[in-house]
Structures are given as C-alpha cells and as structure tokens.
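**Q** Starting off with a structure, shown below.
The values are calculated or read from the model by the stated rules, or taken from the named source; none is laboratory data. Model, not experiment: these values are computed from the prediction. Here Cβ is always computed from backbone atoms with ideal geometry, including for glycine, and neighbour counts include all displayed protein chains.
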C-alpha cells in the first residue's frame, strides 16, 4: 500500500505492507494535514506513517472517523473520565508514535472508531479530529448563549471554533489576515475582522504565540476568559494586563469523554448537521501520491489553504 512518511524534514510516499495485528482494518478515504504535523516534522518526527486526522471504511462497510490518541483505561485520568490526560494519549497515538492515516490502510481498535451517519460527505471524516479538539476547549470554558467572543487566528482550528460558537448562539468576530480566510469566515456566518475589538466575554487563541496571546488579553473584558488551543511551540510569557484584568486562562489539549458526553461523538453530529463546515474549511484535496505537493501547499501561507486533505479515491 502507499503511505506517507517523513525523514529529516522531507516528505516521501513509500510502499508499506498492509498492516496486520489487532484492531479493525480501515480503508482510508480522507486524511487531513495538521499544523502540528508540520511542526513535528520540522522538529524531527520520522519514519512513522503520518496523519492523525483521518477515517475510512471498516470491513463491514461502516464509514468511521478514528480517534488517534491512546488511553490505558486504568490510570486515575482514565477512570475519572479525563482520558486526554493519560500518559498513553501521545505514547500510543496514530501519526505520532504509531502508524497513522496518511496511507491506504490503517488498523485501529474498536474503541477508537466513531461511525459517521449516512449522507455525510466522506471528506468530513478527516475533520472530526480537529473539530473534537475545538469542542473540548469550548466545552471546558462553557461559554453562554448570547455572549460575545473573538477568535484570534483564522486557520482551520480558529474557523472551526468560530463555527461552533456561532452554532451555540455566541456573537463571534474572527481575526483573519488573508482574503481566503475572510471568505471562509463569511461562509460560516461569522464576522471576519483585521483587528480584535475590546471587552469580549471570551477570547480563543488559535495561534498560540506571544503575539496572539497578548492580543487575546487586550481584547478580553475584565473578569473574562481566554482559551488556549493546543501547543505553544515557542515559550510565551504571562503579562501584567492578564493579572490586572483577572482574566481566566484555560488550557485545552486533545479531547475527552465522560459518561454523559464525548467530544468525538459531538464532532460527528455537528459535521453531519452542518455540512457547510466541511465545504468552507477543506480548501484543497490531493491524491495520496501527491503528498509532497500537499504538504508544500499546507505549509505555504500564501497558497490560500485552510485545510488540506489527501484522498485515496483521487
């Protein structure tokens, strides 16, 4: 089968054996390229099959999205329904520590599979994972209907966050730097701006740099909240305005589940109910054999890409 790997920062499409062993064999339909993939490749990730945003068909014909992260099931975090904090989350994660979904096939255990309702665009399977990331953060902050929010950063995570907030009755501005991001925001029914305003109830940092963090602090009202999605790839300093305004900073990583709710399952439901999300966010589609070109487009801020997907059927 064809599979995508990296070595010394270079993307390669290679031949690999169809995986055997435990779990369900999934025939991949769509897999997305994440900004964290680009960072990890730059930092030396190599040899493992890439891709943690993916899904496909099971042997019995179910279209499923695959949760890439692991969970031991026995630690304190797993038994108290915070599996995103389990040490196995990254240690046993597709596309990072075990082969991922940028391939024709992958094996995944049944507990990681989330069935996609009939009638959903197949490309949506590759959006379930980033949307679950967004939902986990928004659910942690519990923003209220009728409140105001600003999202700093109009890449895929920022746009998905804005779409979810709008779906929950929040008035949303999103800071967009490029015309294609503004068009996507308008498709999603949110307001693109070049600079954030003032006194929002909540801010969402979808860039995770010192500049974006400071912009969120400045934009948030006293007593408001700021949510950080994902990873700081360079250190960020806390500032006195955050303290003087008593802004609550909420970190968020991956996605979790409780007995009542699962972020992945909610993501599946939203993508089925709001198909415009996939059409607005997935801007580029490539065949698996075109992976090198796809990664170049995903890394080029001037290429007009928001989310780049690799499809096995092209």
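**Q** Are there any helices (runs of 4 or more DSSP H) wholly within the range 208-276 with 3 or more residues that are within 18 Å of residue 152 (Cα to Cα) and free of Cβ contacts under 8 Å to residues at least 60 places away in the same chain, and if so which?
**A** Ranges flagged: 210-219.
**Q** Only one residue in 12, 83 is buried (at least 18 other Cβ atoms within 10 Å of the Cβ) and touching a helix residue (DSSP H, G or I) at 6+ places or on another chain (Cβ under 8 Å). Which one? Before the answer, list the steps.
**A** Numbers: 12 fails: buried (at least 18 other Cβ atoms within 10 Å of the Cβ).
The conditions single out 83.
**Q** Let me ask something additional. In this structure, does residue 310 turn out to be in a strand (DSSP E or B), in contact (Cβ under 8 Å) with a residue 40 or more places away in the chain and either assigned by TED's automatic domain parsing to the domain that holds residue 11 or in contact with a strand residue (DSSP E or B) (Cβ under 6 Å, 6 or more places away or on another chain) (or both)?
**A** Answer is yes for this residue.
**Q** Of everything in the range 167-186, what is closer than 21 Å to residue 216 by Cα and outside any loop (DSSP other than H, G, I, E, B)? Give them in sequence order. Full working, then the answer.
**A** Quick first cut of the range 167-186, residues closer than 21 Å to residue 216 by Cα only: 168-178, 181-182, 185.
The answer is 171, 172, 173, 174, 175, 181, 182, 185.
**Q** From (1) outside any strand (DSSP E or B); (2) in the same structural domain as residue 116 (by TED's automatic domain parsing); (3) in contact with a helix residue (DSSP H, G or I) (Cβ under 7 Å, 6 or more places away or on another chain); (4) touching a residue at least 24 places away in the same chain (Cβ under 8 Å), pick out the condition that doesn't hold for residue 303.
**A** Tallying (1) outside any strand (DSSP E or B); (2) in the same structural domain as residue 116 (by TED's automatic domain parsing); (3) in contact with a helix residue (DSSP H, G or I) (Cβ under 7 Å, 6 or more places away or on another chain); (4) touching a residue at least 24 places away in the same chain (Cβ under 8 Å), residue 303 fails exactly one: (4).
Per-residue answers, yes or no, for (1) over 20 Å from residue 268 (Cβ atoms); (2) assigned by TED's automatic domain parsing to the domain that holds residue 307; (3) buried (at least 16 other Cβ atoms within 10 Å of the Cβ):
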site: 19; (1), (2), (3): yes, yes, yes
site: 22; (1), (2), (3): yes, yes, no
site: 29; (1), (2), (3): no, yes, yes
site: 60; (1), (2), (3): no, yes, no
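**Q** While we're on this one: Of the conditions (1) part of a strand (DSSP E or B); (2) under 22 Å from the mean Cα position of the chain (by Cα); (3) not assigned by TED's automatic domain parsing to the domain that holds residue 124, residue 285 fails just one. Which one is it?
**A** Evaluating residue 285 over (1) part of a strand (DSSP E or B); (2) under 22 Å from the mean Cα position of the chain (by Cα); (3) not assigned by TED's automatic domain parsing to the domain that holds residue 124 leaves (3) as the failure.
**Q** So residue 256 passes all but one of these: (1) farther than 21 Å from residue 203 by Cβ; (2) at pLDDT 95 or above; (3) under 19 Å from the mean Cα position of the chain (by Cα). Which condition number does it fail?
**A** Residue 256 satisfies every listed condition except (2).
**Q** What strands (runs of 3 or more DSSP E) lie completely within the range 61-158 and have 3 or more residues being touching a strand residue (DSSP E or B) at 6+ places or on another chain (Cβ under 6 Å) and closer than 30 Å to residue 194 by Cβ?
**A** Where strands (runs of 3 or more DSSP E) fall fully within the range 61-158 and carry at least 3 residues being touching a strand residue (DSSP E or B) at 6+ places or on another chain (Cβ under 6 Å) and closer than 30 Å to residue 194 by Cβ, they are 148-152.
**Q** Could you tell me whether residue 247 is buried (at least 19 other Cβ atoms within 10 Å of the Cβ) and under 26 Å from residue 223 (Cα atoms)?
**A** yes
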